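Trainee: Pasting in a structure now, in structure tokens, and then I'll have a few things to ask.
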């Protein structure tokens, strides 16, 4: 059937229409129109009940109120730092899976690395909370070993948020790295070694250029997920988390200030999109290829 | 470096130690959650007070509510289940139609549509949530002003949660099913047509059975992603919270180990789902 290139013309049209309808309905009713609506919402100001004028007031508020743009910059910087940390932690593991281990063992390690990510982020965060809070496992252990005199609070620090973000995003880095490293021919590494290349120079001149598409894909996806994360920063960072998605939630749901919330949403979207664009430009890749890779 | 090249002892030792540390890092939080589901204490914290099943079965004499007696929690699991079923059915259905559209049909603007289908994957979940919330409310208000009708399903609640999750899970289903349809050998269909089969018969007996593994795989992924979704759901949820939202609320308040019990239940369920899928994959490869 849906070989829409054969059969009489009317039948082809009907078939094409039937196939197009769900796609267009999905993309326009749930993605395109809501995003346009959000943009319109962010550019208006309420002057009286049910009366609005076009204005930039929401964006002015963002720049005039230091709290808002501080949180914005903080979210971006911490997401960037956590993305780099994820890359550094995931690379040796991906290398081991792709190059050091063979056959079943390599497949086994890969599966073992994936398992935690089948479990909900809520559950994983609960685990970190039980481990890190003042009455939790690690502070008790540290006090018991005499490293600290009394149990210390390990939750609610910036470092805690970073650990949580890295933990929750590892999968999205390991998978693209493994697939890009697996396609690297071992004989290239051997040749470089025979020609006197050191470990570092081989890594810099052979491995990283070859794995660049995987590295970019992983970094883009991980950065995006961190920027948009809500659960991990709010639970592990507590009141001091100051994550931008939390500001969006506060404006939209708590204060019911949809115009302000929409403007914040747009700023986050702009940051996320520009980072994706920058990453693609720097590595000279196309968007579709990156998304299919992950 | 790679095994065919000499690797000094220190490097091999360091690699092994690193791997062990990495695996501990991966599994420590999960193991902790599981262990404290059985601790005989009112809070999930050390020290160990002995083994108990109270957090599953409940213990009225000690004023403990276990998972199977916690109606609120059970109701939220049921809600999550219903939402996940709806999202899965919608996503696989639309994903399959999209696969045929992108792989078989020719029409103007196809390239643009194909790029647009990837957009939901780069929109942060929170933004998907608020944009759908705002748009649905605008439509509801518009209908209300115009016809005096109150469209309840456009207000925060489960229908919107389903739509919100579907909006990006459909993109994943589309990618998975399209990838398999792309590898389909069209001569199989041609042979069936030559033998006199109708379009419907070819679809039913050749093409769909070929697509079935991709459809089952994307159904499992869709179910899991829906069950675990938090960001989009948080913005669209109404009076009956799904499990992740319920757990989040309780975690902020400092909950009893009943949350560990429900987490352990989730871990076992996802592990079973993963194992079933992998066995299926393994059999197909063999």
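Trainee: Just checking, how many residues over the stretch A:199-212 are more than 10 Å from every other protein chain (Cβ to nearest Cβ) and either in contact with a helix residue (DSSP H, G or I) (Cβ under 6 Å, 6 or more places away or on another chain) or free of Cβ contacts under 8 Å to residues at least 24 places away in the same chain (or both)?
Mentor: So in the stretch A:199-212, the residues more than 10 Å from every other protein chain (Cβ to nearest Cβ) come out as A:200-201, A:204-206, A:208-212.
From what's left, either in contact with a helix residue (DSSP H, G or I) (Cβ under 6 Å, 6 or more places away or on another chain) or free of Cβ contacts under 8 Å to residues at least 24 places away in the same chain (or both): A:200-201, A:204-206, A:208-209, A:211-212.
Looking only at that region, the number is 9.
Trainee: A follow-up question, please. Take the stretch A:263-272 and flag every residue that is in contact with a helix residue (DSSP H, G or I) (Cβ under 7 Å, 6 or more places away or on another chain) and closer than 13 Å to residue B:124 by Cα. Spell out the reasoning first.
Mentor: At the first step, the residues of the stretch A:263-272 found to be in contact with a helix residue (DSSP H, G or I) (Cβ under 7 Å, 6 or more places away or on another chain) are A:263-269, A:271-272.
Across the stretch A:263-272, the qualifying residues are A:264, A:265, A:266, A:267, A:268, A:269, A:271, A:272.
Trainee: Then there's this: Which count do you get for residues in the stretch B:258-286 that are more than 9 Å from chain A (Cβ to nearest Cβ), in contact with a helix residue (DSSP H, G or I) (Cβ under 6 Å, 6 or more places away or on another chain) and modelled with pLDDT of 90 or more?
Mentor: 2
Trainee: Could you list, in sequence order, all residues of the stretch B:50-70 that are in a helix (DSSP H, G or I) and under 21 Å from residue B:244 (Cα atoms)?
Mentor: Taking the stretch B:50-70 and keeping what is in a helix (DSSP H, G or I), we get B:54-57, B:60-62, B:67-69.
B:55, B:56, B:67, B:68, B:69, listed by residue number.
Okay, residues lined up against (1) at the interface with chain A (Cβ under 10 Å from one of its Cβ atoms); (2) in contact with a strand residue (DSSP E or B) (Cβ under 8 Å, 6 or more places away or on another chain); (3) assigned to a loop (DSSP other than H, G, I, E, B); (4) within 30 Å of residue B:114 (Cα to Cα):
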residue	(1), (2), (3), (4)
B:15	yes, no, no, no
B:28	yes, no, no, no
B:33	yes, no, no, no
B:72	no, no, no, no
B:79	no, no, no, no
B:90	yes, no, no, yes
B:94	yes, no, no, yes
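Trainee: Quick one: count up the residues across the stretch B:229-263 that are farther than 26 Å from residue B:137 by Cβ and surrounded by 22 or more Cβ atoms within 10 Å (Cβ to Cβ). Steps first, answer last, please.
Mentor: Narrowing the stretch B:229-263 to residues farther than 26 Å from residue B:137 by Cβ: B:247, B:250-263.
Applying the additional criterion that residues be surrounded by 22 or more Cβ atoms within 10 Å (Cβ to Cβ) yields B:247, B:257-263.
Qualifying residue count for the region: 8.
Trainee: A further question follows. Is the stretch A:65-85 home to any residue that is within 9 Å of chain B (Cβ to nearest Cβ), closer than 30 Å to residue B:262 by Cα and part of a helix (DSSP H, G or I)? Reasoning before the result, please.
Mentor: Of all residues in the stretch A:65-85, those within 9 Å of chain B (Cβ to nearest Cβ) come to none.
Looking for residues that are within 9 Å of chain B (Cβ to nearest Cβ), closer than 30 Å to residue B:262 by Cα and part of a helix (DSSP H, G or I), one finds none in the stretch A:65-85, hence no.
Trainee: To continue, here is another question. Would you confirm whether or not the stretch A:4-13 contains a residue that is more than 28 Å from residue B:128 (Cβ to Cβ), surrounded by 16 or more Cβ atoms within 10 Å (Cβ to Cβ), in contact with a helix residue (DSSP H, G or I) (Cβ under 6 Å, 6 or more places away or on another chain) and within 13 Å of chain B (Cβ to nearest Cβ)? Explain how you work it out, then say what you get.
Mentor: Kept after step one, since they are more than 28 Å from residue B:128 (Cβ to Cβ), are these residues of the stretch A:4-13: A:4-13.
With the extra rule that they be surrounded by 16 or more Cβ atoms within 10 Å (Cβ to Cβ), the set shrinks to A:4, A:12.
Retained after the next criterion (residues that are in contact with a helix residue (DSSP H, G or I) (Cβ under 6 Å, 6 or more places away or on another chain)): A:4.
Within this subset, residues satisfying the condition of being within 13 Å of chain B (Cβ to nearest Cβ) are A:4.
Among the residues of the stretch A:4-13, at least one is more than 28 Å from residue B:128 (Cβ to Cβ), surrounded by 16 or more Cβ atoms within 10 Å (Cβ to Cβ), in contact with a helix residue (DSSP H, G or I) (Cβ under 6 Å, 6 or more places away or on another chain) and within 13 Å of chain B (Cβ to nearest Cβ), which makes the answer yes.
Trainee: For the stretch A:133-155, name all the residues that are more than 7 Å from chain B (Cβ to nearest Cβ), outside any loop (DSSP other than H, G, I, E, B) and in contact with a helix residue (DSSP H, G or I) (Cβ under 6 Å, 6 or more places away or on another chain). Outline the logic, then answer.
Mentor: Within the stretch A:133-155, the subset more than 7 Å from chain B (Cβ to nearest Cβ) is A:133-134, A:138-139, A:141-155.
Among the residues that remain, those that are also outside any loop (DSSP other than H, G, I, E, B) are: A:138-139, A:141-145.
Hit for the stretch A:133-155 is A:138, nothing else.
Trainee: Only one of these conditions is not met by residue A:171: (1) part of a loop (DSSP other than H, G, I, E, B); (2) without any contact (Cβ under 8 Å) to a residue 60 or more places away in the chain; (3) more than 9 Å from chain B (Cβ to nearest Cβ); (4) within 21 Å of residue B:263 (Cα to Cα). Which number is it?
Mentor: (1)
Trainee: Kindly indicate the residue of the stretch B:124-143 that is touching a residue at least 12 places away in the same chain (Cβ under 8 Å) and facing another protein chain (nearest Cβ under 7 Å) and also nearest to residue B:163 (Cα to Cα) among those meeting that condition.
Mentor: Of the residues in the stretch B:124-143, the ones touching a residue at least 12 places away in the same chain (Cβ under 8 Å) are B:124-126, B:128-130, B:132-133, B:136-137, B:139-140.
If we keep only those that are facing another protein chain (nearest Cβ under 7 Å) as well, we get B:124-126, B:130, B:132.
Details: B:124: 15, B:125: 13, B:126: 14, B:130: 12, B:132: 8 Å.
Ranking the candidates gives B:132 first.
The values are calculated or read from the model by the stated rules, or taken from the named source; none is laboratory data. Because the structure is a prediction, the values reported are computed rather than measured. Cβ atoms come from the backbone with ideal geometry, glycine included; neighbour counts cover every protein chain shown.
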